[in-house]
Structures are given as C-alpha cells and as structure tokens.
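Here is the structure we will look at, set down as structure tokens.
The values are calculated or read from the model by the stated rules, or taken from the named source; none is laboratory data. Here the structure is a predicted model, which means the values were calculated and not measured. Glycine also receives a Cβ, built like all others from the backbone with ideal geometry; neighbour counts cover every protein chain displayed. Ligands, DNA and RNA are excluded from the accessible area calculation, which covers all protein heavy atoms including side chains. Shrake-Rupley method; radii C 1.70, N 1.55, O 1.52, S 1.80 Å.
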Amino acid sequence: MIIAGPSSQLLAGRVAAILRQDLALCEYRTFPDGESYSQVVTEPEDDVAIIQSTVTDRDIIYILQLLDICRDKKVSLVIPYFGYARQDKIFKSGEPMSARAIAYAFNPFLGPGSKVYTVNIHASSVLSHFSCRAQSLDATPLLAEKVRSLGLDDPVIISPDKGAVTMAKTAASCLGAECDYLEKTRLSGTEVSVAPKEINVSGRDVVIFDDMIATGGTMATAISLLKKQGARKVYLAAVHPVLTGNAILKLYRSGVEAVLATDTIDRGVSTVSVAPLIADALKA
Ligand code: R5P
C-alpha cells in the first residue's frame, strides 16, 4: 500500500498507478495552534511505502506521524527530496549536522526490514546516518530523456560547479553530448572570471544540470555567464525545483530558454516524473 504524505500526493498517486497498488486515503490538517494532524483513513496493509518529500519543516513532522501510524508494519520510506541534505557537515563550530539529526529522528521507526529511498540526495554521506539500508536513486537519465525530446543540435552539458559534474557526465553520456563545468579563476585580488573549463560555448545550445534550484542564484549566475560567452539558448535541468521566493523570475531575467525539473517537488516546471524510478526501486 502506498501512503502519500501531503507534499507528495501527486507523485505517490503516479507510483501507485504504475505499481497497481492501493493508495491509502489520508487526511492532513493543521490545528488552530499550528500543530499538524495526520490520519491514514484506509487501514494500512502490512507492507507500506510512505512517500513524502521534506520541503518544509512541517513535512518532517508528517513523516514522523506517518511512521508512528505504521509502527507495526514493514515500511519503505521514500523521501524524494530530502531537505537539509546540504547541512551534511558541521561547517562552523556550534552548528548541528541537521541531515543526521533528521535521520536519527526517523531511525527508531525503521526496523531491519525497512528501506529508505531518496532521489539525487545532495550529499550521499547522509545515507549512512540511517539505521536501515538507504539508497539515493538517480533521476539524471530521466531528465536527459526530456532534454533529448527538445531536439537540440549538438548541445553542451554544463555543471555550474564541480559538485554536479557526475550528474553532467551521466546526462552527457545518455545524450552522446560533450560536457564541462564552470570553473572560477582568480585573475587578481578583486577580479575572478567564471567560464567553462574547456569547451567554447559560443554559438551552441547549453543545458545546465544541477541537483536542485533553491534561490536560483547559482543557475542565474551561470546562465548570465554562458550568455555573455555567446551561448545560443540556455536550458536548465534540475532534479529538485525548490524554487524559493522569486527564483523563477531570476532565471527568466537571466535569459533561460526553459526550466526542466522533476516531480520530487510538485511545481509548474515539474515536467519529468520520477515515479517510474521509485516504482522500480519499490518492486526490487
Ligand atoms: C549546491 O551545491 C547545490 O548543488 C545547488 O547548486 C545550490 O544549492 C542551488 O542553490 P541556489 O539555487 O540557492 O543557488
């Protein structure tokens, strides 16, 4: 049985449809004092998959409530977008390792038969904090297929920094395209230049791949730079469209042609579904 958290109802519905599994009827409300209320109205079966991205702090509470409802069941916990994964280290003294703290909150509910799945988690080290098996699924080939459908002529795949190079390489290999990453070179004490390390993008279409777009700052800067360097059309492909505040405006003001993203977070740009990826993992 598939149990959808409030942030992943569409995706959970898609997974249930692929697997032809029951989709539990759930209700979510907020009490007048701001506390969260969850109810799984359909009696949960013995083997359940809870699907819920953690875009907001409240989404974490919903997972805890769903885990408690299913405490005597065999649980697969699917967190398509795992928030706080960027706080995977203690960067400054006095800080928490937030991603670890969240995993530790879930662990008491996860037995040895449980499994945790996420999609393109920002730092794979986070997986080691779960007490059961945990796996990050890779949505890059699905995004690359969407890029292929655009019919671009010999596009260059670019990673906006070294962190997303693996993703860019995977996408490039799916598409049979060249790939590169943006490298910062310090020219003087006050001047830096940012440019693709090897490939000249002048006159070529470019697709920038990254795991997520949050404020849009990273991508907007990359788009502007590539445009200045003569790129023809610049597309973005990101797994998690967090898109806070005016992120979409920043991207279009920078001259992006289109934004492609997945439904790990349900947004207007979520045109690629990770449901087949999650369904395959749950079937395995
Ligand atoms: C950083 O390491 C990530 O891969 C993303 O590039 C970053 O989190 C995007 O954030 P923003 O959209 O706020 O620049």
Next item on the list: Kindly list the number of the only condition in (1) in a helix (DSSP H, G or I); (2) of a type in the set (A, V, I, L, M); (3) touching a strand residue (DSSP E or B) at 6+ places or on another chain (Cβ under 8 Å) that fails for A231.
Entry: (1)
Notebook entry, point to check: Among the residues of region 229-266 satisfying the criterion of being charged (D, E, K, R) and either farther than 23 Å from T170 by Cβ or surrounded by 19 or more Cβ atoms within 10 Å (Cβ to Cβ) (or both), which is nearest to the ligand (Cβ to nearest atom)?
Noted result: K250
Next item on the list: Determine which single condition S202 fails, assuming it passes every other condition in (1) under 25 Å from I121 (Cβ atoms); (2) surrounded by fewer than 17 Cβ atoms within 10 Å (Cβ to Cβ); (3) among the polar types (S, T, N, Q).
Entry: (1)
Checklist line | Residues satisfying the stated conditions in region 205-228, i.e. open to solvent by 40 Å² or more (accessible area, probe 1.4 Å), more than 10 Å from the ligand (Cβ to nearest atom) and of a type outside the set (D, E, K, R) | finding: S224
Margin query: For S188, only one of the following conditions fails: (1) of a type outside the set (F, W, Y); (2) within 15 Å of the ligand (Cβ to nearest atom); (3) at pLDDT below 95. What is its number?
Written below: (2)
Notebook entry, point to check: Taking region 131-149, which residues are closer than 13 Å to F82 by Cα and buried (at least 21 other Cβ atoms within 10 Å of the Cβ)?
Noted result: A134
Checklist line | Enumeration of residues in region 267-284 that are open to solvent by 30 Å² or more (accessible area, probe 1.4 Å), touching a residue at least 60 places away in the same chain (Cβ under 8 Å) and outside any loop (DSSP other than H, G, I, E, B) | finding: T271, P276, L277, L282, K283
Check: Do any strands (runs of 3 or more DSSP E) entirely within region 9-120 hold 3 or more residues that are open to solvent by less than 50 Å² (accessible area, probe 1.4 Å) and over 27 Å from P141 (Cα atoms), and if so, which?
Finding: 36-40
Notebook entry, point to check: Which of (1) within 17 Å of the chain's Cα centre (by Cα); (2) polar (S, T, N, Q); (3) part of a loop (DSSP other than H, G, I, E, B) does N200 not meet, given it meets every other one?
Noted result: (1)
Note to self: If a residue must be over 20 Å from S136 (Cβ atoms) and touching a residue at least 40 places away in the same chain (Cβ under 8 Å), how many such residues does region 161-202 contain?
What the structure shows: 4
Check: Quick one: is S124 exposed (fewer than 15 other Cβ atoms within 10 Å of the Cβ), within 16 Å of the ligand (Cβ to nearest atom) and more than 20 Å from L10 (Cβ to Cβ)?
Finding: yes
Margin query: Condition (residue is within 16 Å of the ligand (Cβ to nearest atom), at pLDDT 95 or above, farther than 17 Å from N120 by Cα and surrounded by 13 or more Cβ atoms within 10 Å (Cβ to Cβ)) applied to region 150-160: is it met by at least one residue?
Written below: yes
